[in-house]
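Trainee: Before I ask anything, let me first share the structure, which is written out below as structure tokens.
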Amino acid sequence: MIKIEYPPYDFRIKTSGEKELIFDPVRKQWVPLSPEEWVRQNFLQYLLLVKNYSASLMAVEKEIHLGSLVKRCDIVIYTKEAKPLLIVECKAMNVHLSTEVLDQILRYNISLPVRYLIITNGSYCLGYERNAISLEPLIEIPGATA
């Protein structure tokens, strides 16, 4: 597993009615603050501030089609040539990074083939580099120069 050291970041959080909302700087909108959203927002800041990916090359909750099913990838990073490079699947901190979570991102990879697959529960990550015949475990999350 890959341990993540998150950078300090001043998240914008507000209450609307009885819901807590967090501002997503990539989508440029307020979204409900769920346990999974908290992990996603922290991981986005890690990708932006530590791994130096550009927000302009990111998609959050990217819609994909798996046959007749419509699914959403938590985070997709594209190359400067607009080719999908990396998919991140975020889970709440109390969710174990199981084979079921890996299977989920592998299904997404059928519709949206990428070089890197990352699953995280905020505390830990598993990362893989996909090549023609297998998945190779990563020892660290690739940076923007990958």
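Trainee: For the range 32-146, list the strands (runs of 3 or more DSSP E) that sit wholly inside it and hold at least 1 residues that are among the polar types (S, T, N, Q) and under 18 Å from residue 6 (Cβ atoms); which are they?
Mentor: Output list reads 116-120.
Trainee: Let me confirm something: among 128, 78, 124, which residue is hydroxyl-bearing (Ser, Thr, Tyr) and touching a residue at least 60 places away in the same chain (Cβ under 8 Å)?
Mentor: 124
Trainee: Residue 72: closer than 20 Å to residue 125 by Cα and either surrounded by fewer than 17 Cβ atoms within 10 Å (Cβ to Cβ) or of a type outside the set (Phe, Trp, Tyr) (or both), yes or no? If you could, list the steps in order and put the result at the bottom.
Mentor: Values: closer than 20 Å to residue 125 by Cα: yes; either surrounded by fewer than 17 Cβ atoms within 10 Å (Cβ to Cβ) or of a type outside the set (Phe, Trp, Tyr) (or both): yes.
Judged against the criteria, residue 72 is a match.
One line per residue, one yes/no per condition, for (1) surrounded by 14 or more Cβ atoms within 10 Å (Cβ to Cβ); (2) in contact with a helix residue (DSSP H, G or I) (Cβ under 6 Å, 6 or more places away or on another chain); (3) on the phi < 0 side of the Ramachandran plot:
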{"residue": "90", "(1), (2), (3)": "yes, yes, yes"}
{"residue": "95", "(1), (2), (3)": "yes, no, yes"}
{"residue": "103", "(1), (2), (3)": "no, no, yes"}
{"residue": "110", "(1), (2), (3)": "no, no, yes"}
{"residue": "117", "(1), (2), (3)": "yes, yes, yes"}
{"residue": "124", "(1), (2), (3)": "yes, no, yes"}
{"residue": "128", "(1), (2), (3)": "yes, no, yes"}
{"residue": "134", "(1), (2), (3)": "no, no, yes"}
{"residue": "144", "(1), (2), (3)": "yes, no, yes"}
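Trainee: For residue 51, indicate whether it is among the charged types (D, E, K, R) and either open to solvent by less than 40 Å² (accessible area, probe 1.4 Å) or in contact with a Pro (Cβ under 7 Å, 6 or more places away or on another chain) (or both).
Mentor: When the stated conditions are applied, residue 51 passes them.
Trainee: A further question on this structure: Give me the residue from the range 1-31 that is part of a strand (DSSP E or B), open to solvent by 30 Å² or more (accessible area, probe 1.4 Å) and not hydroxyl-bearing (Ser, Thr, Tyr) and, out of that set, nearest to residue 128 (Cα to Cα).
Mentor: 3
The values are calculated or read from the model by the stated rules, or taken from the named source; none is laboratory data. These figures come from a predicted structure and were not determined experimentally. Neighbour counts run over all protein chains shown; Cβ positions are idealised from the backbone, glycine included. With ligands, DNA and RNA removed, areas are computed over all heavy atoms of the protein, side chains included. Shrake-Rupley method; radii C 1.70, N 1.55, O 1.52, S 1.80 Å.
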